[in-house]
1. How many of the residues in the stretch 51-65 are closer than 19 Å to M125 by Cβ and either touching a residue at least 60 places away in the same chain (Cβ under 8 Å) or open to solvent by 50 Å² or more (accessible area, probe 1.4 Å) (or both)?
2. Residue under question is A155, and the condition is that it be under 19 Å from the mean Cα position of the chain (by Cα) and either buried (at least 17 other Cβ atoms within 10 Å of the Cβ) or of a type outside the set (S, T, N, Q) (or both); does it hold?
3. Among the residues of the stretch 15-28, are any in a helix (DSSP H, G or I) and modelled with pLDDT of 80 or more?
4. What are the pairs with Cβ atoms under 8 angstrom where one residue, in the stretch 172-190, is within 23 Å of S130 (Cα to Cα) and at pLDDT below 85 and the other, located anywhere, is among the aliphatic types (A, V, I, L, M) and buried (at least 16 other Cβ atoms within 10 Å of the Cβ)? Sequence gap at least six, or different chains.
5. Using the structure shown, decide if E89 is within 14 Å of the chain's Cα centre (by Cα), over 23 Å from R116 (Cβ atoms), modelled with pLDDT of 85 or more and open to solvent by 40 Å² or more (accessible area, probe 1.4 Å).
6. Out of (1) modelled with pLDDT under 90; (2) part of a helix (DSSP H, G or I), what's the single condition that is false for R116?
7. Taking the stretch 97-113 as the search range and keeping residues that are open to solvent by 80 Å² or more (accessible area, probe 1.4 Å) and in contact (Cβ under 8 Å) with a residue 24 or more places away in the chain, which one is farthest from S48 (Cα to Cα)?
8. Taking the condition under 28 Å from E30 (Cβ atoms) and crowded, with 18+ Cβ neighbours inside 10 Å, does L179 pass?
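The values are calculated or read from the model by the stated rules, or taken from the named source; none is laboratory data. Keep in mind that this is a model prediction, so the values were computed, not measured. Reconstructed Cβ throughout: ideal geometry from the backbone, glycine too, with neighbour counts over all protein chains shown. Just the protein is used for accessible areas: all its heavy atoms, side chains included, with ligands, DNA and RNA removed. Shrake-Rupley method; radii C 1.70, N 1.55, O 1.52, S 1.80 Å.
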Amino acid sequence: MPYMINRQALFVVILLSAFLFAGCSGLFGESPGEQADQAIVEANAAISEHNRSFGEARDTYADVKSEIEAGNDPSAQQDRITEARDAMEEARSRLQEANASLSEVNDLDVDPAVKRYASTLSDAMEAQISAEDREIEFYTLLQEDPALENNRQEALDLLEQVGNDYERAEQAYEEARTLADENPDLIEATS
């Protein structure tokens with residue numbers, strides 16, 4: 001008695017073979033490594049864009065400070081202070097979003113060095129966000145009291161905390177750069 005080929009079973013065997021030869025990632029989306037790479041690339045791009053936007057807002061504050069120090073009416077600078085603070089808050093929110101997507105790397109099945117890099121980069125971003133929160137508080141004080149006649153000590157305390165948080169962030173960013181340099185085959189996007 002000749003055996004009949006079950007066409008459904010043959011299809012399943014061919015499909016399973018295709019998975020083995022092509023790899024599951026090609027058919028179902030990105031591999032964990034590709035997902036991690038994408039998250040890191042996006043985080044680094046967000047950091048760069050954020051730093052550009054935040055820097056522009058700081059330049060505006062520097063101009064305002066110069067105007068006030070030159071003896072010009074501090075209240076005339078209110079709109080520029082508000083615009084700069086709003087730009088900082090928007091830039092900070094983009095950094096928070098990038099940090100949230102980067103945290104997903106810890107759940108992926110990737111090399112531990114990639115996870116360490118993502119975690120260290122995330123720590124740096126958290127320290128930077130903390131610094132920026134306080135910096136924005138400082139600029140809020142400045143908006144309410146442009147000459148800091150009534151809030152000078154509070155402003156100085158905030159600036160000290162900002163400096164400490166930025167120092168922590170810079171140390172973590174440097175550690176992330178070192179990890180990337182030590183693992184160039186795993187971590188390519190570190191700009």
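1. Residues of the stretch 51-65 that are closer than 19 Å to M125 by Cβ, as a first pass: 51-55, 57-58.
The next check asks that each one be either touching a residue at least 60 places away in the same chain (Cβ under 8 Å) or open to solvent by 50 Å² or more (accessible area, probe 1.4 Å) (or both); those that pass are 51-52, 54, 58.
Going through the stretch 51-65 one residue at a time, the tally reaches 4.
2. On the way: under 19 Å from the mean Cα position of the chain (by Cα): no; either buried (at least 17 other Cβ atoms within 10 Å of the Cβ) or of a type outside the set (S, T, N, Q) (or both): yes.
So A155 does not fit the description; no.
3. No - not one qualifying residue is present in the stretch 15-28.
4. Close Cβ pairs satisfying both conditions: T190/A176; T190/A180.
5. yes
6. Condition not satisfied by R116: (1).
7. In this case the residue turns out to be D109.
8. Yes: the conditions hold for L179.
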